[in-house]
Amino acid sequence: MKVYSADEETFPVFTKEQLIAANDWAINMEYNRALEPKPLKEHLSSFDENTKFPVVYHMLHEHAGGVKVDPHIRCQISLGMKGPLEFIDVDFDLFNSLEQVAVPESN
């Protein structure tokens, strides 16, 4: 099972559709980190379809409610420039399929 390992030049990003799918998966799996679907969809509706939501932190995770479960990725995601940072548990396949975006150069 391969887990993407970020380098200093790129980071993974979610589309709105992928973010909703990841959240629905975490809810269906009864994992600890998921967002309420209705408020998430309402928040995402304020962004256009081309908006990308960056993963600012991720780690391998294997527990739900203190019980060992199948490995998955716990991601911290930025939900907008002024939006919150939220955690969502994500399936390996979805995480590994995320687009990789170049880190902008700082001046």
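Summary of values
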read-out: Pairs with Cβ under 6 Å, 6+ apart, first in the range 13-32 and modelled with pLDDT of 95 or more, second surrounded by fewer than 15 Cβ atoms within 10 Å (Cβ to Cβ); value: Val13/Glu99; Val13/Val101
read-out: Residue satisfying all of: in the range 51-67; under 16 Å from the mean Cα position of the chain (by Cα) and assigned to a loop (DSSP other than H, G, I, E, B); nearest to Asn96 (Cα to Cα) among these; value: Lys52
read-out: Boolean, Glu9 is charged (D, E, K, R), surrounded by fewer than 17 Cβ atoms within 10 Å (Cβ to Cβ), closer than 30 Å to Glu105 by Cα and in contact with a strand residue (DSSP E or B) (Cβ under 7 Å, 6 or more places away or on another chain); value: yes
read-out: Output for the range 68-85, where each listed residue is of a type in the set (A, V, I, L, M, F, W, C), surrounded by fewer than 15 Cβ atoms within 10 Å (Cβ to Cβ) and either assigned to a strand (DSSP E or B) or modelled with pLDDT of 95 or more (or both); value: Leu85
read-out: Total residues in the range 44-74, condition among the hydrophobic types (A, V, I, L, M, F, W, C) and under 17 Å from Asn28 (Cα atoms); value: 4
read-out: Residue in the range 41-54 that is of a type in the set (Lys, Arg), exposed (fewer than 14 other Cβ atoms within 10 Å of the Cβ) and free of Cβ contacts under 8 Å to residues at least 24 places away in the same chain present; value: no
read-out: Complete set of residues in the range 86-107 that are more than 12 Å from the chain's Cα centre (by Cα) and surrounded by 11 or more Cβ atoms within 10 Å (Cβ to Cβ); value: Gln100, Val101, Val103
read-out: Scan of the range 62-95 for residues that are touching a helix residue (DSSP H, G or I) at 6+ places or on another chain (Cβ under 9 Å) and aliphatic (A, V, I, L, M), ordered by number; value: Ile73, Ile77, Leu79, Ile88, Val90, Leu94
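The values are calculated or read from the model by the stated rules, or taken from the named source; none is laboratory data. What you are looking at is a predicted structure, and each value in this text was computed from that prediction instead of being measured. Ideal geometry is used to build each Cβ from the backbone, glycine not excepted, and the neighbour counts take in all protein chains shown.
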